[in-house]
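In what follows, a single structure is set out as structure tokens and then discussed.
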Amino acid sequence: MSRRGRIAIIVAALAVPIGFLGVVLIDSLMHEFGACRVVRQRAFASPSGGQLVVVVWKSCGATDSTQASIIARGRTFSPETTPTFVSVRGHLDPVVVWSSERAVRIGFIPEPVQVDKRDQRAGDVAIFYE
């Protein structure tokens, strides 16, 4: 085999793993740009302590939001699997007051400019907004 033939085989053999590593690196960098950061802010216990309203700040690129979920005490909060009942634009301070085990009032300071989600119920808990 000629010298050119050997060089062509070596170049071809190296091109595949180098190309693969390049694709993995670019995918990793692009994933970081789109990744969201979730910071748990506060948890508000129901009167019996059996349930919690968990409030988080979520940052996804240039979009910031404040979100709230209800979980049973002792359960682990996960932003991927725990459904939110309210989501507003910006990082706002929540005001949460449980009226009973099945009713909660929530408001934000300052008042939200944009509301992305505002459910009236979360499971068997009624949600009232201030």
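Scanning the range 10-47 for residues that are charged (D, E, K, R) and either over 16 Å from the mean Cα position of the chain (by Cα) or at pLDDT 70 or above (or both) returns ASP27, ARG37, ARG40, ARG42. For the range 85-100, a residue qualifies if it is within 14 Å of the chain's Cα centre (by Cα) and either buried (at least 20 other Cβ atoms within 10 Å of the Cβ) or outside the structural domain of ALA43 (by TED's automatic domain parsing) (or both), and the qualifying residues are PHE85, VAL86, VAL88. Contact annotation: residue pairs with Cβ atoms under 9 Å, 6 or more positions apart or on different chains, pairing a residue in the range 75-90 that is at negative phi with a partner that is surrounded by fewer than 16 Cβ atoms within 10 Å (Cβ to Cβ) and among the aromatic types (Phe, Trp, Tyr), are VAL86/TYR129. For the range 60-86, filtering for residues that are under 14 Å from ASP124 (Cα atoms) and in a loop (DSSP other than H, G, I, E, B) leaves 1. Any idea which residue in the range 87-112 is nearest to GLY61 (Cα to Cα), counting only those that are assigned to a strand (DSSP E or B) and not hydrophobic (A, V, I, L, M, F, W, C)? Here the answer is ARG89.
The values are calculated or read from the model by the stated rules, or taken from the named source; none is laboratory data. Here the structure is a predicted model, which is why all the values come from computation and not from measurement. Using ideal geometry, Cβ is built from the backbone for each residue, glycine included, and neighbour counts are taken over all protein chains shown.
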